[in-house]
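Worksheet: the structure to be examined is printed underneath.
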Amino acid sequence: MMFDNITFYKSVFSLKEIPGKSLPQLILCGRSNVGKSSFINSLFTRKNLAKTSSTPGKTRSINFYNVDDLFFIVDLPGFGYAKISIEEREKWGKLASKYISTSDQIKHAFHIVDIRHDPTSLDLTLNEWLNHAGIQFTVILNKADKLKQSELNKAINSVQKFFPGNIPGSSLFIYSAVKGTGKKEVRKKIAGLFY
Ligand code: GTP
Ligand code: MG
């Protein structure tokens, strides 16, 4: 069955530890605290597989999870968290940008944003890295449970201006890691990529 078998594979802190030619990779990227780690737990219905925290900056390493021995889902540390040191932020930026620009194993990226806020300049930088590396990406508008139905469409329209090439239902999805909104659609998207 699909998505039945997800296991933690490893945490890496430097480029040379990144698994080479083994399985294709789906990376989760975005600002700190948007819910990247929660996304993994909700998608696979595993409460504490990926460590989450209400304090931004929880994930500090690049974490690889093996899914069905078919692909890795990769939880990246969030960027833009002001309270970590400048050195650490730069270190993260370098590791993430080098990984994104040099890995030939990244098949697709999920760029996760908080649906309540417009993307920031850091999101646009990330977007440039992905485009430059030629990595196809899907935008996940997480925390949809925080908005009323009447506010959702407005928020989608607003965020979509930043990602004009992304089409709702195919490369842009509303999601809630808390309520499970969008889970079915996103799983279908992943199935189309890897199964
Ligand atoms: P970093 O590891 O710092 O980059 O953060 P992250 O993007 O992995 O975020 P994480 O999954 O740790 O979630 C951050 C906070 O947002 C936690 O308190 C989560 O419970 C909360 N959260 C995540 N997804 C949702 C969601 O869909 N709805 C709501 N209401 N809260 C969410
Ligand atoms: Mg995290």
### Message
Past 25 Å, Cα to Cα: identify those pairs from 91/143; 91/161; 94/184; 148/184; 10/58; 143/184, in the order given.
### Response
91/143; 91/161; 94/184
### Task
Compare the Cα positions of 62, 79, 150 along the charge dipole of the chain (+1 at Cβ of Lys, Arg; -1 at Cβ of Asp, Glu; about the Cα centre) and return the one farthest towards the positive end.
150
### Query
Measuring from a point 7 Å past the Cα of residue 11 along Cα-to-C-beta, which residues in region 21-38 have an amide N at less than 16 Å?
37-38
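Relative to the compact globular guide of 2.2 N^0.38 Å, what is the alpha carbon radius of gyration of region 45-195, as a ratio?
Rounded to two decimals, the normalised Rg is 1.04.
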### Message
Can you give the FRET efficiency to the nearest 0.05 for residue 145 and residue 21, using r as the Cβ-Cβ distance and R₀ = 35 Å?
### Response
0.35
### Query
What distance in nm separates the simple spin-label points at residue 156 and residue 69, each placed 7 Å from Cα in the Cβ direction?
3.9
## Note on the structure
Expressed as a whole-number percentage, the relative contact order of the chain with C-alpha contacts under 8 angstrom and at least six residues apart is 23
### Diffusion constant of region 106-195 at 4 °C, which comes from Stokes-Einstein with the Kirkwood Cα-pair radius and 1.567 mPa s, µm²/s
96
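Here, each number is a calculation from the coordinates, and none is a lab measurement. Predicted, not measured: the structure shown is a model, and the values here were computed from it. Here the Cβ is made from the backbone with ideal geometry for all residues, glycine too, and neighbour counts use every protein chain on show.
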